[in-house]
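Working notes, beginning with the structure itself.
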Amino acid sequence: MDPSQVKIPPMKDLTIDNITENVIRINSLCPDPRTKYLFERLVTHIHDFARETRLSTEEWMTAIDFLTAVGQKCDDLRQEFILLSDTLGLSLLVDSIDHPKPAGVTEGTVLGPFHTHDAQTVEFGTSIHKDPDGETLLTVCTVKDTAGKPIAGAQVDIWEGDSKGFYDVQYADRSGPDGRCVMHTDNEGLFWFKAIVPVPYPIPHDGPVGKMLKMLHRHPYRPAHMHFMIGKEGYDKLITALYARGDPYETSDAVFGVKETLVIDFGSATAEMAQKYGVKEGCKTCTYDFTLITEAEANALREEKAMKAMAAQGKKMKLYQGLPVPDVD
């Protein structure tokens, strides 16, 4: 940027005490108020962290090397940065802020690092696993709005690990999707399929995130669960999962994804269900009614909660494209 064409705030005699205000001052040239506010707070918190902890050059370089290694571990089928965000609790925090839920609406949780975009659209009743060792789990669910009205034509993306605790993308010889599918709800908001009973498993811990967990004396395990991502135009997208009650890691999930409303008990197929859905009597069942809110409802609730949070912090703010920025007018 040519200083003769743009008025750039002067910077000189930078010290521990004034470096933050100088960085914020030059970043204030950004014309977008939300981006400018995000960087103002980011710089403030990072600088305060360094001052508060008296961060050493060696520690700073260790962090740089760690983040570099996280990036190098990422590829088309593995997202180590999402894993890092998950294990620090940031993923769940961001989802909870960006997708607020009123009482009675299905809560969201972490996306996780194993979602892909190559799952096939299948018919009701499909067995989504090729795993010969998996125990069949009949899954019958509905998607409705807050008034209890069925949502027809909602796209439901489903994925889970196999009986060994691995997702298809973790196998080197993966030739295509397995343990995952896409369905669309019928006029009653219904969808159903045959999965396998999920098992607890460790998140990938052969990379930098695994080393971090070991250093922190944390285990890498997730409780048994199945992922769902549900969306339809006009509704707030839901990213969630259902967790098996009584799992040994139910209260110590490595990625902080468990919420009480998402913990369920597996049932047992009655003779009537067995005949209707083509499974053996006594087969384990997973039933759940998902409830979505509209985008308008979610936007209004998000804005309301944002302004309350800003007021609690004593900040004078306004909304810009639905997100808070300083009110400097």
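The values are calculated or read from the model by the stated rules, or taken from the named source; none is laboratory data. Just so it is clear, the structure is predicted and the values come from calculations on it, not from any experiment. Every residue, glycine as well, gets a Cβ built from its backbone with ideal geometry; the counts of neighbours run over all protein chains shown.
Scanning the stretch 37-85 for residues that are among the basic types (K, R), out of contact with any Gly (no Cβ under 7 Å at 6 or more places or on another chain) and either within 26 Å of G112 (Cα to Cα) or in contact (Cβ under 8 Å) with a residue 60 or more places away in the chain (or both) yields a single hit, R78. Mind listing just one residue for me: the one in the stretch 237-252 that is assigned to a loop (DSSP other than H, G, I, E, B) and of a type in the set (G, A, S) and, of those, farthest from A154 (Cα to Cα)? Result: S252. Can you find, within the stretch 183-233, the residue that is farthest from G148 (Cα to Cα) among those that are part of a helix (DSSP H, G or I) and not charged (D, E, K, R)? Per the criteria, the residue is M215.
Quick grid of which residues meet (1) assigned to a strand (DSSP E or B); (2) under 30 Å from Q79 (Cα atoms):
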| residue | (1), (2) |
| --- | --- |
| A254 | no, yes |
| V258 | no, yes |
| G282 | no, no |
| F290 | yes, yes |
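The residues on offer are R222, R180, and the sole one that is under 27 Å from K237 (Cβ atoms) and without any contact (Cβ under 8 Å) to a residue 40 or more places away in the chain is R222. Across the stretch 260-270, the number of residues qualifying as part of a helix (DSSP H, G or I) and either more than 14 Å from M226 (Cβ to Cβ) or of a type in the set (D, E, K, R) (or both) comes to 2. Of all positions in the stretch 244-251, at least one carries a residue that is of a type outside the set (A, V, I, L, M), surrounded by fewer than 23 Cβ atoms within 10 Å (Cβ to Cβ) and without any contact (Cβ under 8 Å) to a residue 12 or more places away in the chain. For the stretch 140-182, give me each residue that is polar (S, T, N, Q) and either surrounded by 19 or more Cβ atoms within 10 Å (Cβ to Cβ) or not in a loop (DSSP other than H, G, I, E, B) (or both). Correct list: T142, Q155, Q170.
Rundown of residues vs (1) assigned by TED's automatic domain parsing to the domain that holds G189; (2) over 30 Å from A147 (Cβ atoms), yes/no style:
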| site | (1), (2) |
| --- | --- |
| C283 | yes, yes |
| Y288 | yes, no |
| A298 | no, no |
| A309 | no, no |
| A312 | no, yes |
| K316 | no, yes |
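For the stretch 22-34, the set of residues classified as surrounded by fewer than 15 Cβ atoms within 10 Å (Cβ to Cβ) and more than 25 Å from G322 (Cα to Cα) consists of I26 only.
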